[in-house]
Amino acid sequence: MRVLLVTGLALVWLATAQAGELKPIAATVGKEFRITLQCNPTTGYQWVLAKAPDEKLAKLLRSDYKRPNSELAGAGGEMVWTFRALAEGKTQMELDYVRSWEKGVKPAQTTNFVVVIKASKASAKAKTSAPGT
C-alpha cells in the first residue's frame, strides 16, 4: 500500500511542486520504493537521474517505461524508478527531464526528492530487546 501511495504522490508532486522543492519519500531498510513520473518519449524527452542517491543508503534497481492505456499515437506514459533502501539515513536525488541529444541545454523539468530511510519495526524491536542492551 505504501508503494502505491509513494507512486501516486510522486505524480502529484511533479505537477504541483517547484523544481527546487524537496519532495519527501519515506522508505524502510530492505524494502523497495518507487518514484513514478509522467513522461512522453515521443517528444524526445526522458527522465534521467541527474543526482543519484547515496549508494550506501539506496540502490537503483531498475527504471521502466509504462505505456499508457490509451491507443492514441503520441500519448504519454510513466517512467517508474525502483530503488532498494539499504540502510537508515537521509539522501537526496534529482531527476531531470531532458532530450539526450541537447547538450548544455537546461532541463525542461527538474524534480528533487529527499528519501528518509528508517529501520523496519521488526529490526528496531530486535535492537531494543537484544540481551545486554
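The values are calculated or read from the model by the stated rules, or taken from the named source; none is laboratory data. The model shown is predicted, which means the values in this text are computed figures rather than measured ones. Note that we place each Cβ from the backbone using ideal geometry, even for glycine, and neighbour counts take in every protein chain shown.
Answer yes or no: is there a residue in the range 67-82 that is in a loop (DSSP other than H, G, I, E, B), modelled with pLDDT of 95 or more and not charged (D, E, K, R). Taking every residue of the range 67-82 in turn, none turns out to be in a loop (DSSP other than H, G, I, E, B), modelled with pLDDT of 95 or more and not charged (D, E, K, R). Of all residues in the range 6-48, those satisfying the criterion of being assigned to a loop (DSSP other than H, G, I, E, B) and at pLDDT 50 or above are Ala19, Gly20, Glu21, Val29, Gly30, Lys31, Asn40, Gly44. Within the range 95-115, the set of residues being surrounded by fewer than 18 Cβ atoms within 10 Å (Cβ to Cβ) and either under 13 Å from the mean Cα position of the chain (by Cα) or farther than 20 Å from Pro24 by Cβ (or both) comprises Arg99, Ser100, Trp101, Glu102, Lys103, Gly104, Val105, Lys106, Ala108, Thr110, Val114.
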